[in-house]
Amino acid sequence: MSPLVKFSPEVQAARRTGRPIAALESTIITHGMPYPQNVATARRVEAQVREAGGTPATIAVLEGEILIGLSDAQLEQLAQAPAVMKLSRADLALCVAARRTGSTTVAATMICARRAGIEVFATGGVGGVHRGAELSFDVSADLRELAETPVTVVAAGAKAILDLPKTLEVLETLGVPVIAFGQDEFPAFWSRSSGLRAPLRLDSAAEIAAAHLQRGRLGLSGGQLVANPIPPAAEIPREVITPVIEQALAEAAQRQVAAKAVTPFLLQRIFELTQGRSLEANIALVLNNARLATAIAAEIVRQRNAD
Ligand code: PSU
Ligand code: MN
């Protein structure tokens, strides 16, 4: 029997010595950003985790193997590979069994991180309830995963292409703590502000780690969503991004883009319509999330050792 997951030498060393590890997803590489910015960003995000004193574990499935930590060559291979599967909970096992290659969304990354014993994960924005979901039923499997799998996920809120009030309602129904970091408002990915108050707020990595550990002691299933606002210098104000989002959404509807293609289509159109500014913001917010995720992972290690 081959092992369920395969660790890179760097991640394996961190596990042995009990150093903090931050998981990173790979759908953002294959479906969220164009080449070559995708692989350049992935490298910068990994470097950011190391700089913050942690070990990055980018997760993907290459030819049927669940990899926890990719080599530079594997990152490059994934970033350029044609027809990579976008893996969520529904697709992960099939991809492994058929020995195919796929990138992991937030949902699939959480599942793999948990298998690998990694408790904190940084991404850009989680999936959520799409606008018009009352007709399309398009609700990301990321939300259900947050209710099920005990991993703390650091995101810049949910992408503003979604219906954010409905996304917050579903998270509440599912019992997922949504914790805004350092502000009262729920951030909206490219913008710091959404006009919506986050259900919970914490101001330090230590407090987020303590809440994470307490969930474990209480035996609660599911993770925490930490909504970390984009740094002020990198944000696209809400008034600027809103009409762009509206246009991208109208085009998606007109072309009947559906299912897994919706989020990648919208991100690509918004990239084009903002002449790349949305990508700059996306890169800045992922780096910012990697920093916070590493600080939380380090605090979890510290608090557990102090017990
Ligand atoms: N964050 C980004 N870019 C992305 C994503 C997140 O900055 O491309 C991906 C994540 O992998 C997330 C997925 O899980 O989009 C959501 O896809 P869907 O809406 O189809 O569930
Ligand atoms: Mn969907």
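Values in this text are rule-based calculations from the coordinates and carry no lab data. The shown structure was predicted, so the numbers you read here are calculated from the model rather than taken from an experiment. Because the Cβ atoms are built from the backbone with ideal geometry, glycine has one as well, and the counts that use them run over all protein chains shown.
Quick notes on this one:
- Top of LEU273, LEU135, LEU225 by mean-square fluctuation, Gaussian network on the chain, Cα under 10 Å: LEU135
- Part-to-part distance (alpha-carbon centres) for the stretch 169-194 and the stretch 228-307, which is given in Å: 13
- Each of LEU174 and ALA206 was given a label point 7 Å from its Cα along the Cα-to-Cβ line. The distance between the two points is 3.1 nm.
- Projected-area mean, the stretch 1-142, by convex hull of Cα positions, square nanometres: 9.0
- Pair-distance distribution P(r) for the stretch 226-307, from all Cα-Cα distances in 10 Å bins starting at 0: 16, 34, 27, 14, 8, 1 percent.
- Magnitude of the charge dipole, the chain, Cβ model with Lys/Arg +1 and Asp/Glu -1, debye to 20: 600
- Projecting the alpha carbon convex hull of the chain along each direction and taking the average yields 15.0 nm².
- Based on Cα contacts under 8 Å between residues 6+ apart, the chain shows a relative contact order of 20 percent.
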